[in-house]
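Quick notes on the structure that follows.
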Amino acid sequence: MQNAALLAGVFTLSQAIADMRLFMSETLKQSKPDGDRPCVLVTGGAGYIGSHAVLALKDAGWRVAVIDNLTTGFRFAVPDGVPFYEGDIEDGALLAQIFEKEQIGAIMHFAGSIIVPESVADPLKYYHNNTVKSRALIEAAVKGGLPHFIFSSTAATYGVPEVSPVDEDTPKIPINPYGWSKLMTEQMLADTSFAHDINFCVLRYFNVAGADPKGRSGQSTAGATHLIKVALETALGKRPSVSVFGTDYDTPDGTGVRDYIHVSDLASAHVLALEALIDQPARSLTMNCGYGQGFSVLQVLDAVDRVTNLEIKRVMEPRRAGDPGSLISDPSRIRSTIPWQPQHDDLDTIIAHALQWERALAEKSPTSRGNG
Ligand SMILES: NC(=O)c1ccc[n+]([C@@H]2O[C@H](COP(=O)([O-])OP(=O)(O)OC[C@H]3O[C@@H](n4cnc5c(N)ncnc54)[C@H](O)[C@@H]3O)[C@@H](O)[C@H]2O)c1
């Protein structure tokens, strides 16, 4: 009897919370015409993916502000007219000021450290920048009463999956501190959302590549390890050759197979995910971001040769520890949850857009972070 009363109480409370979220969300949508929507704070908006999210949000009519400490980002990547705050996501006082000044209604959290081998060599850096500081950001969001949070996670949370393609329920057993630092943040969001009035969307990216088709942004980080970026730097003479790590995997040509997603399609998924969070404030989401199609390293290099009309030098190397043979997303959930229509699901297009950016980048000063 007591249990029944308790359960009824819990049910009433959760129903009341759900009703309140729905009311807040409807109020946000109905009382704000497009030009007057809540502003979205993009952390890491001066970085590769964050800067494309800023463009996608602006193109879709959202107001945006950026916080970035410019450790790997570039001031020039933030479009003119977007309020930019140079600072750290762990700075609660700064965040509170930004929330107030810009009337922030949602966070897209891209800021973080992303180099897997570095995370193995310096795990505490990753647990600090990716996990501890994400905790501070989530806390600031709760304190500020922000209702929606979107988080950049990664296929690295799956470790070396035993299945392919990988769906969201595949066991998550990361094999490096980077993957763990992201998985821990996913868990913090789930627990926080249960306890507080905030819903979230975790997006687990597969291999992100390409650049804004209009040439407004791209991947600028020097020394990046992403295959397409490295291959194009080789094509443009910035590197002597490209290494192929592992030629004896159980894949059609023996080299590693990955699911490459165009960064602008990924950015548009974020905008739709935000709309989904606002539409259903009692619901949180976790979705893979990939096209569900794999290309081997050699297929990618053939495509780079095709697009550049060159033959870049390839050097065959042994496997790297911890690289799965194949990592392909099962995109069923994202396709059935949000009305996502990828526009650039084509390897040659991804490479052509990346090449356009790489050429533009060569014109910029290689040492400048564009902060002056
Ligand atoms: N690039 C990929 O293929 C890929 C794949 C999976 C997931 N992700 C995730 O996507 C997100 C963005 O990655 P990216 O490729 O754009 O990396 P990036 O290095 O280009 O961007 C990260 C941005 O965050 C900023 N930053 C880092 N720590 C910060 C802090 N403490 N406070 C404020 N700003 C900070 C950097 O200056 C940079 O501008 C990351 O969270 C990464 O883990 C990337």
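The values are calculated or read from the model by the stated rules, or taken from the named source; none is laboratory data. Keep in mind that what you see is a predicted model, and the values were worked out from it rather than measured. Glycine gets a Cβ as well: all are built from the backbone with ideal geometry, and neighbour counts include every protein chain shown.
Can you name every residue in the stretch 245-303 that is closer than 22 Å to residue 213 by Cα, within 15 Å of the chain's Cα centre (by Cα) and assigned to a helix (DSSP H, G or I)?
Result: 263, 264, 265, 266, 267, 268, 269, 270, 271, 272, 273.
Are any residues in the stretch 304-334 buried (at least 17 other Cβ atoms within 10 Å of the Cβ) and assigned to a loop (DSSP other than H, G, I, E, B), and if so, which ones?
Residues satisfying the conditions are 312, 324, 325, 328, 330, 331.
Take the residues in the stretch 263-290 that are touching a Pro at 6+ places or on another chain (Cβ under 7 Å) and not charged (D, E, K, R), then tell me which one is farthest from residue 167 (Cα to Cα).
281
Quick check on residue 113: is it near the ligand (Cβ under 8 Å from one of its atoms) and out of contact with any strand residue (DSSP E or B) (no Cβ under 9 Å at 6 or more places or on another chain)?
Judged against the criteria, residue 113 is a match.
Which residues, taken from the stretch 64-103, are free of Cβ contacts under 8 Å to residues at least 40 places away in the same chain, crowded, with 20+ Cβ neighbours inside 10 Å and away from the ligand (no atom under 12 Å from the Cβ)?
64, 65, listed by residue number.
Check whether at least one residue in the stretch 90-101 is under 14 Å from the mean Cα position of the chain (by Cα) and assigned to a helix (DSSP H, G or I), and report yes or no.
Checked the stretch 90-101: no residue is under 14 Å from the mean Cα position of the chain (by Cα) and assigned to a helix (DSSP H, G or I).
For the stretch 37-61, which positions are away from the ligand (no atom under 15 Å from the Cβ) and out of contact with any helix residue (DSSP H, G or I) (no Cβ under 7 Å at 6 or more places or on another chain)?
Matches in the stretch 37-61: 37, 58, 59.
Being within 16 Å of the ligand (Cβ to nearest atom) and surrounded by 20 or more Cβ atoms within 10 Å (Cβ to Cβ) is the filter here, so list the residues in the stretch 162-171 that pass it.
166 - this is the single residue of the stretch 162-171 that is within 16 Å of the ligand (Cβ to nearest atom) and surrounded by 20 or more Cβ atoms within 10 Å (Cβ to Cβ).
Taking the stated definitions as given, is residue 228 in contact with a helix residue (DSSP H, G or I) (Cβ under 8 Å, 6 or more places away or on another chain) and crowded, with 24+ Cβ neighbours inside 10 Å?
yes
Only one of 303, 354, 321, 362 is closer than 23 Å to residue 117 by Cβ and either touching a Cys at 6+ places or on another chain (Cβ under 7 Å) or touching a residue at least 40 places away in the same chain (Cβ under 8 Å) (or both). Can you tell me which?
The match here is 354.
Can you work out which of the residues in the stretch 134-161 that are aliphatic (A, V, I, L, M) and in a loop (DSSP other than H, G, I, E, B) is surrounded by the most Cβ atoms within 10 Å (Cβ to Cβ)?
146
Given the residues 211, 222, which is the only one that is under 20 Å from residue 47 (Cβ atoms), within 16 Å of the ligand (Cβ to nearest atom) and either modelled with pLDDT under 95 or in a helix (DSSP H, G or I) (or both)?
Of the residues listed, the single one that is under 20 Å from residue 47 (Cβ atoms), within 16 Å of the ligand (Cβ to nearest atom) and either modelled with pLDDT under 95 or in a helix (DSSP H, G or I) (or both) is 222.
Just one of (1) within 18 Å of the chain's Cα centre (by Cα); (2) within 13 Å of the ligand (Cβ to nearest atom); (3) modelled with pLDDT of 95 or more trips up residue 106, so point out which.
For residue 106, the failing item is (2).
Return the pairs, sorted by first residue and then second, in which the second residue is acidic (Asp, Glu), the first residue lies in the stretch 218-232 and is in contact (Cβ under 8 Å) with a residue 60 or more places away in the chain, the beta carbons are less than 7 Å apart, and the residues are 6+ apart or on different chains.
218/212; 232/358
Would you mind stating whether residue 200 is modelled with pLDDT of 95 or more and away from the ligand (no atom under 16 Å from the Cβ)?
No, not satisfied.
Kindly indicate the residue of the stretch 116-126 that is in a helix (DSSP H, G or I) and surrounded by fewer than 16 Cβ atoms within 10 Å (Cβ to Cβ) and also nearest to the ligand (Cβ to nearest atom) among those meeting that condition.
125
Quick check: anything in the stretch 284-295 touching a residue at least 60 places away in the same chain (Cβ under 8 Å), of a type in the set (Gly, Ala, Ser) and farther than 17 Å from residue 346 by Cβ?
yes
In the stretch 162-203, what residues are touching a Ser or Thr at 6+ places or on another chain (Cβ under 9 Å) and in a loop (DSSP other than H, G, I, E, B)?
162, 163, 164, 165, 167, 168, 172, 173, 174, 176, 198
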